[in-house]
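Okay, structure first, notes after.
The values are calculated or read from the model by the stated rules, or taken from the named source; none is laboratory data. From a predicted model like this one, the values you see are computed outputs, not experimental measurements. Counting neighbours? That spans all protein chains shown, and the Cβs are built from the backbone with ideal geometry, glycine included.
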Amino acid sequence: MSLEPTPISTELAQYILDHAGGRDDALRQVEDQTAELGFLAIMQTAPEQAAFLEMLVRLVGAKQAVEVGTFTGYGAIRIARGLAEGGSLLCCELDPDWAATARENLDAAGVGDRVEIRIGPAMETLKALPDQPTIDFAYLDADKTGYPNYYEELVSRLRPGGLLAIDNVFMGGAVLGPEDEGTVAMAGLNDRIPEDERVDSVMLGMADGLTLVRRTSD
Ligand SMILES: C[S@@+](CC[C@H](N)C(=O)[O-])C[C@H]1O[C@@H](n2cnc3c(N)ncnc32)[C@H](O)[C@@H]1O
């Protein structure tokens with residue numbers, strides 16, 4: 001067994017991007033608009049990862065989905081597109097300006113009717129949700145120091161078979177020698193997940209690292 005995955009060169013990264021399914025005009029418009037933000041654009045979910053999220057949402061037949069950290073709405077569009085008939089997505093976003101941008105983009109992409117954006121600290125929004133295991137799909141992509149707490153709030157509300165996708169689990173590679181608060185929190189969570197008996201999980205080398213957590217039992 002080789003421990004070395006195929007290195008992702010710039011050319012191969014472009015090749016992956018070129019082969020991400022479903023990047024229609026609405027999504028490309030959000031990509032272009034977000035790119036104009038300069039360095040902040042790095043916060044947008046990678047297009048191939050967003051395509052993967054849509055597929056996951058479809059595979060679990062999700063009707064109730066939650067996103068923590070919405071930014072310009074790119075990932076939210078794809079999650080919303082994957083929802084089963086009658087499904088809905090709750091987005092948690094701290095910044096009212098990003099929430100307004102996401103709202104415009106979600107509406108323009110034709111999925112605004114199935115998405116609610118709650119503005120404020122995600123922890124308050126999550127804690128206010130019913131304490132029942134009803135969430136089919138969740139995507140965690142916000143402030144890293146909050147991840148351990150968001151994880152608890154989300155896993156306890158996932159229905160058996162429900163899926164949580166956690167972004168940036170590599171922190172650009174810094175999890176190998178965590179120093180700042182966010183990276184320490186992420187590395188701690190990465191270590192904790194495989195020990196959590198309520199779930200099974202897999203860490204994927206996609207973009208900045210994506211962990212999938214599937215709720216198995218209580
Ligand atoms: C990496 S971006 C999200 C990208 C988005 N998921 C996408 O698909 O492009 C992180 C977002 O989390 C938001 N955020 C940061 N701290 C937060 C908090 N405490 N509660 C809710 N949202 C927060 C930021 O304002 C930012 O929009």
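A few remarks follow.
- Enumeration of residues in region 180-218 that are among the acidic types (Asp, Glu) and either modelled with pLDDT of 95 or more or crowded, with 19+ Cβ neighbours inside 10 Å (or both): Asp180, Glu181, Asp191, Glu195, Asp196, Glu197, Asp200, Asp208
- Cross-chain or 6+ apart pairs with Cβ under 6 Å, region 134-145 first and among the aromatic types (Phe, Trp, Tyr), then in a strand (DSSP E or B): Phe137/Ala65; Phe137/Leu163; Tyr139/Glu67; Tyr139/Ala165
- Filter result for the condition that a residue is among the small types (Gly, Ala, Ser) and assigned to a loop (DSSP other than H, G, I, E, B), over Gly75, Gly86: Gly86
- Residue, farthest from Tyr147 (Cα to Cα), within region 41-82, restricted to residues that are surrounded by fewer than 20 Cβ atoms within 10 Å (Cβ to Cβ) and near the ligand (Cβ under 9 Å from one of its atoms): Ile42
- Of the strands (runs of 3 or more DSSP E) entirely within region 99-171, those holding at least 2 residues that are under 13 Å from the mean Cα position of the chain (by Cα) occupy 135-140, 158-167.
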